[in-house]
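Derivation of every value follows stated rules applied to the coordinates shown; laboratory data play no part. Please read these numbers as outputs of a predicted model, since none were measured by experiment. In this analysis, Cβ positions are derived from the backbone assuming ideal geometry, glycine residues included, and neighbour counts consider all displayed protein chains.
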Amino acid sequence: MPEEQDVTGCPQGNQVRRRLFWMTLVYLGLVAYGSLVPLEFAPVPLGEAVDRLASTARGRLLIWSRSDCVVNVLLTIPLAFLMMAAVCAGRRRIVGVAAAVPVIACCMLLSVGIELAQVFFRHRVGWAGDIVAQWFGALIGVVLWLLAGRRFVAWMGRIGSPQTASGRAILPVGAYLVLVLAVQTIPYDLRVSPADMYRKWREGRVELVPFSSTRGAGMETVGETVTVGAFLAGLGMVWALASGPGHSWRARLLRPMGLALAAAVLVELVQLPVYSRRFDTTGIVAGAAGFVLGWAVGACLRPEPAESPDACRGLAQGGPRGWAGGLVRPGVWALAVLGWLGVLAVSHWRPFDFSLDGGRAVQRLENLQPLPLADYQGQPAFHSMNQFLHKVLLFLPLGLLLTLAVPAAWERLAGPAVLLAVMVVAVAFEAGQLLLPSRHPATGDVLIECLGGWFGFVLGRRLLSSEVAGGRVASGPGATCVGDHA
């Protein structure tokens with residue numbers, strides 16, 4: 001029986017609406033968090049809080065800060081759009097028209113609530129002008145939905161679809177990119193006013209000339225540049241494995257180049273409004289180069305899709321679905337693994353001030369906290385989050401590379417084998433820190449790094465499956481591959 005389609009022509013409308021509902025909740029949480037950070041609660045009587053907020057409504061509301069008004073407008077547009085999408089996706093146009101007023105009213109109540117909540121937090125100011133700006137943004141978001149919402153829902157319905165390269169790639173690449181953006185914007189101290197931007201530039205945290213900050217710089221600056229390149233190298237490798245081979249010279253060459261530049265600019269640009277982060281064009285160059293290099297490695301190591309006769313023979317021999325088994329280019333894989341181990345060495349061992357004092361190393365080992373993650377207690381929350389995401393992102397590509405090397409005959413042992421190999425590497429790098437006076441090994445780091453490697457294994461298995469690789473493999477007795485002909 002054919003699957004019923006909604007009015008947009010997209011199947012599984014309920015699933016799309018659920019996905020949009022969770023996207024709306026996540027975005028609303030981010031808006032609330034960004035409005036209340038640094039989360040220093042200061043109790044105030046409710047009546048006094050209301051009076052404070054009402055007092056800001058006197059006079060000309062939008063003269064307080066034009067940049068803040070623009071930010072508040074832009075902040076609310078996606079919220080209203082997503083709320084409309086979560087309610088109206090897959091339904092008739094009349095539903096969108098009927099939902100417009102309730103959605104705008106809901107956004108108005110949320111904006112009042114968020115601005116009122118700011119009165120209860122230090123370093124935050126609730127302001128009636130922000131409420132007016134957010135109401136205007138909600139109106140724009142609803143209008144945008146009424147004009148282009150159906151196209152957006154049709155696109156959302158294709159996300160994760162194995163029938164198109166964009167559908168196969170958008171989920172893993174999008175998730176990886178979100179992690180990179182999250183780690184690059186910690187501690188999220190956003191300041192978007194022109195005065196703050198100018199102050200940041202005067203303090204030397206905005207570098208417009210590539211490599212000007214690395215001249216005469218220490219290993220810390222070089223290590224940060226290498227880390228940015230490594231993050232986007234992992235992103236490029238995931239993109240190459242997820243999207244499949246291109247059929248034209250533009251898809252094979254120009255598209256990766258354009259994506260590399262766009263991803264590098266985005267990753268660096270999001271750091272501009274984060275006051276404590278540096279904006280450095282060196283990161284754009286390093287990130288773009290890393291993306292292209294990672295894409296080249298992923299393209300070289302990408303297995304054949306399941307339609308090919310070789311993949312079908314691998315399937316018939318008991319290999320994973322859509323995976324012919326073994327490495328396509330062992331030499332490229334070995335160079336990629338060695339290169340990634342070099343990245344991990346820079347991340348874990350810089351500034352390489354090794355001390356071969358065995359007695360001191362043994363003493364540090366005896367003082368090592370045996371309870372995993374106990375070292376993270378007492379540290380600032382953002383510092384712990386930064387360390388966690390860094391280690392996950394650095395070991396995820398290693399797990400992915402190791403997954404590519406597992407032969408088809410080892411299908412059942414693939415997970416334990418990859419996890420064991422990642423654990424050996426993690427223990428080796430943490431043990432090396434015992435000889436570095438400036439570094440602090442931790443058992444919890446080994447656990448986090450193994451978690452990153454496991455994520456890489458799970459991602460690798462998804463990318464190597466026939467559904468994600470673009471092949472359609474029949475199952476059951478007498479099943480044949482799509483590429484076979486009767």
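Results, tabulated for the structure shown:
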{"item": "Order of F395, F152 under a 10 Å beta carbon neighbour criterion, fewest first", "result": "F152, F395"}
{"item": "C300-L46 FRET efficiency (beta carbon distance; Förster radius 45 Å; 0.05 resolution)", "result": "0.10"}
{"item": "Added length on full extension, which subtracts the Cα-Cα distance from 0.36 nm per residue, L447 to L171", "result": "96.8 nm"}
{"item": "With eigenvalues of the C-alpha gyration tensor scaled by 5 and rooted, segment 13-158, Å", "result": "31, 16, 12"}
{"item": "For D280, residues with placed amide H under 5 Å, excluding near neighbours", "result": "E207"}
{"item": "Tensor-based shape of segment 335-375 (alpha-carbon gyration tensor, a/c under 1.5 rounded, otherwise prolate or oblate)", "result": "oblate"}
{"item": "Relative exposure of V446, V270, judged by other C-beta atoms within 10 Å (fewest first)", "result": "V270, V446"}
{"item": "Net length gained if the chain between E220 and S276 were fully extended (0.36 nm per residue, minus Cα distance)", "result": "18.5 nm"}
{"item": "Neighbour-count order for F352, F457, F429, fewest beta carbons within 10 angstrom listed first", "result": "F352, F429, F457"}
{"item": "Segment A105-V143, extension gain: residue separation times 0.36 nm, minus the distance between their alpha carbons", "result": "12.3 nm"}
{"item": "Label-point separation in nm, V95 to V458, each point 7 Å along Cα→Cβ", "result": "3.1 nm"}
